[in-house]
Amino acid sequence: MIEITDLRKIYRMGNVEVRALDGVTLNIEKGEFLGIMGPSGSGKSTLLHMLGLLDLPTSGRIVIDDMDISRFTDYEKTMFRLYKLGYVFQDYALVPDLTVMENVSLPAMLRKDRTEEQTKKDSFSILQKIGLCDRRDHLPRELSGGQQQRVSLARAMVNKPDILFADEPCANLDTENSRVVLELFKEINESMHQTIVMVSHEDWHKEYFHRIVRMRDGRIVSDGINDAPKTTA
Amino acid sequence: MGQKELKVAFLLALRSLQRGSRSSTLLTILIIGMCFTNMIFLPSMFSGIGQSITQQLIDYEVSNVLVSPKSGEQYITDLDSTLDLINGMPGVQRASPQYSKGATFKYRQRVLGISVRAISPADEKEVSPVYTRMVAGSYLGEGDTGEIIIGKPIAGDPTVRQEDEFQASLGGVRVGDSVTVEYGNGYTRDYRVKGIYLTGWSPVDNAAFVTWTDMEQVEGKTLDQANYITVRAKPGYSEQFIKNELLAYGVGVTGNVQTMTDLLSKSVGKVLQSFAIINAVSLVVSVIITTVVLFIVITIKTLNSRKQIGILKAIGVDKEVIMHNYGFQVIILGILGIILGIFITLVLAAYMSVHPIVTPEWSAYLYVTPMDLVINSVILFCAAAVAGYVPAYQVSREEIQTAMRA
């Protein structure tokens, strides 16, 4: 589903060259719950940004569903993000002036293949799934961190994306809320066969992943199947 | 850019204004409202002064068409037949001649040089509204002799001492008093003051009127000449039409025929031209100020929202939607600001129509036409749109990562 070949990202800071990604090659299969782990500065978030079309690689190739995304125009990238990808950010990244329902509906409202009725129905249904239906008219600032992250997940899922990217979604949450959010990811992966690529530096998160890619200094240092992933009770 | 995208952009704009900082929204609307008022106030004031001068010229000096002596001559001669000719023309309501003579007025210890104008009261009433501006006594009657009407500034105020007077007067003449008038030809006569008027038009307020019959006694002959003839057009007839008629009937042989517009362009034309230049400069400055202020407001707004803009782009919101979001915000703010500006302007116009700025030469009020409001609204709206869209365009094109790191 995703083929990454010799991906490099080099930042130049004056005369200093920082190799954030240094020749990453990786394949991700449909339905996988992949965890990218590693210490700070290992290049895991940079890799996620490249896959999520949020940043451009210096060199290398990313093919998603047989499409070379480096050939996309700016507009095509936007549409690809809207129709094919979902993104969950570390700091929730909700629009503060929109209610929970409006935040969740926003990506669906822009889809040309959805009617207004369908958008409402889908948003309502996903809010029910994450258990925040009763909070749909609240503003993000009126919710707890865990609730906001669940809304962020609902927004990412409302368009039923092919791939869901999550950039340290539990970094701002306590353990209890982290577990709630991770369980939701797991449930979505299992029930909807949703491909998920999640970046994390918390070692205990690995129990949720099917496959774990470990990075250091912009390179993949290990790539292996998690033999005993946690299953939904 | 489809309907869905515009709808989302509008929703984002509306919610940002509804749920964003209320004080900043209200302040922006107030700034736009004040800019609108600033744009329209000075030009409307000058228009008001121009209108006031024009109307006073029509009412008290020229009427619609003025017939004056040919160059090098002092009087229009053959007056009776000229008046008969003019009054018989289609479109002419009435022609009224005036004959002026310098005189010295004496009242108690005061002496004052004044121009006395001879009129035919019935004709004059049809071309000039001086008879409606009587502040004491009454206007001249057709058969009056030995009676005079004078302007209030000439009559003066008995409570003001001579050395404190703004302009020399007779020191408090009242209706019924007798004033001695000594004409330039040596003829002296006592007149009973029949009325005192105040028009607000200085040249008329500093003159006195007697009947044509009285002036004939002063000159000691039948007056078949006049300094000028003012001609009032019937409603629906243009000045130019009357002028063309007069010229066609040969009035141009005995006198110069000029419309009020001709005279206006010569006399106050330069003043009005200067007003137009000041108006244009004022408009340009106001538009620049408005554009810059809105540009700063929207730039700050977009800079504060850079992270959010990055997030919106990351979740698949097109940059056009983001740009139109800010565009709609400024359009909404612009419309509300313009409505506020129109309200302030109308309140000021209503106030100044009751309390105009009065000077000896003119009274100034705000002359605002619906077209002025529409034109200024459109200009301000366009300025607001440009001021809003430029920073929105810039920020919407920023790289996602750069914006999100902001």
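The values are calculated or read from the model by the stated rules, or taken from the named source; none is laboratory data. All figures in this text were calculated on a predicted structure; none of them were measured in a lab. Reconstructed Cβ throughout: ideal geometry from the backbone, glycine too, with neighbour counts over all protein chains shown.
Identify the single condition in (1) at positive phi; (2) within 14 Å of chain A (Cβ to nearest Cβ) that B:Gly2 does not satisfy, given that it satisfies every other one. Failing condition for B:Gly2: (1).
For the range A:162-198, the set of residues classified as within 10 Å of the chain's Cα centre (by Cα), in a loop (DSSP other than H, G, I, E, B) and farther than 17 Å from A:Leu143 by Cβ consists of A:Glu168 only.
Each row is one residue, and each column tells you yes or no for (1) assigned by TED's automatic domain parsing to the domain that holds B:Lys101; (2) in a helix (DSSP H, G or I); (3) under 29 Å from B:Ser178 (Cα atoms).
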| site | (1), (2), (3) |
| --- | --- |
| B:Arg192 | yes, no, yes |
| B:Phe209 | yes, no, yes |
| B:Val218 | yes, yes, yes |
| B:Lys221 | yes, no, yes |
| B:Lys243 | no, yes, no |
| B:Val257 | no, no, no |
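With the structure loaded, tell me whether A:Ser45 is among the small types (Gly, Ala, Ser) and either crowded, with 19+ Cβ neighbours inside 10 Å or out of contact with any Lys or Arg (no Cβ under 6 Å at 6 or more places or on another chain) (or both) or whether it fails that test. In short, yes. Here's a check for you: in the range A:19-55, which residue that is more than 18 Å from A:Phe89 (Cα to Cα) and either free of Cβ contacts under 8 Å to residues at least 12 places away in the same chain or of a type in the set (D, E, K, R) (or both) is nearest to the other protein chains (Cβ to nearest Cβ)? Of everything passing the filter in the range A:19-55, A:Arg19 is nearest to the other protein chains (Cβ to nearest Cβ).
Within the range A:90-115, if we keep just the residues that are facing chain B (nearest Cβ under 9 Å) and assigned to a helix (DSSP H, G or I), the residue that is farthest from B:Arg405 (Cα to Cα) turns out to be A:Met109.
Counting just the residues of the range B:293-310 that are facing another protein chain (nearest Cβ under 10 Å) and closer than 14 Å to B:Ala13 by Cβ, which one comes out surrounded by the fewest Cβ atoms within 10 Å (Cβ to Cβ)? So that I can check it myself, show each step before the final result.
Applying the first criterion (facing another protein chain (nearest Cβ under 10 Å)) to the range B:293-310 yields B:305, B:307-308, B:310.
So of that shortlist, the ones also closer than 14 Å to B:Ala13 by Cβ come out as B:305, B:308.
Working: B:Ser305: 23, B:Gln308: 21.
The qualifying residue surrounded by the fewest Cβ atoms within 10 Å (Cβ to Cβ) is B:Gln308.
Do the conditions hold for A:Arg150, that is, is it among the basic types (Lys, Arg), at the interface with chain B (Cβ under 9 Å from one of its Cβ atoms) and buried (at least 20 other Cβ atoms within 10 Å of the Cβ)? Answer is no for this residue.
Picking from B:Val293, B:Val271, B:Val358, B:Val257, which residue would you name as being more than 16 Å from B:Gln394 (Cα to Cα), at pLDDT 85 or above and not acidic (Asp, Glu)?
Working: B:Val293 fails: at pLDDT 85 or above; B:Val271 fails: at pLDDT 85 or above; B:Val358 fails: at pLDDT 85 or above.
Step by step, each of B:Val293, B:Val271, B:Val358, B:Val257 is checked, and only B:Val257 is more than 16 Å from B:Gln394 (Cα to Cα), at pLDDT 85 or above and not acidic (Asp, Glu).
Where residues in the range A:130-145 are away from chain B (no Cβ under 11 Å) and touching a residue at least 40 places away in the same chain (Cβ under 8 Å), which of them is farthest from B:Arg306 (Cα to Cα)? For the range A:130-145, the residue satisfying everything is A:Ile130. Could you check, for the range B:226-248, whether at least one of its residues is closer than 30 Å to B:Thr104 by Cα and without any contact (Cβ under 8 Å) to a residue 60 or more places away in the chain? Checked against the condition, which is being closer than 30 Å to B:Thr104 by Cα and without any contact (Cβ under 8 Å) to a residue 60 or more places away in the chain, the range B:226-248 yields no hits at all.
If you filter the range B:311-323 down to residues that are buried (at least 23 other Cβ atoms within 10 Å of the Cβ) and more than 8 Å from chain A (Cβ to nearest Cβ), you find that the one that is farthest from A:Leu164 (Cα to Cα) is B:Met323.
Among the residues of the range A:24-82, which ones are part of a loop (DSSP other than H, G, I, E, B) and of a type in the set (Lys, Arg)? Spell out the reasoning first.
Within the range A:24-82, the first condition is being part of a loop (DSSP other than H, G, I, E, B), and the residues that meet it are A:29-32, A:38-43, A:52-58, A:65-66, A:72-73.
Residue satisfying the conditions is A:Lys30 alone.
When the range B:12-24 is limited to residues that are surrounded by fewer than 19 Cβ atoms within 10 Å (Cβ to Cβ) and farther than 16 Å from A:Pro140 by Cβ, the one that is farthest from the other protein chains (Cβ to nearest Cβ) turns out to be B:Ser23.
Taking the range B:53-85 as the range and being under 29 Å from the mean Cα position of the chain (by Cα) and outside any helix (DSSP H, G or I) as the test, the residues that pass are B:Ser63, B:Asn64, B:Val65, B:Leu66, B:Val67, B:Ser68. Looking at A:Met79, A:Met109, just one residue is without any contact (Cβ under 8 Å) to a residue 12 or more places away in the chain and closer than 21 Å to A:Leu127 by Cα, and that residue is A:Met109.
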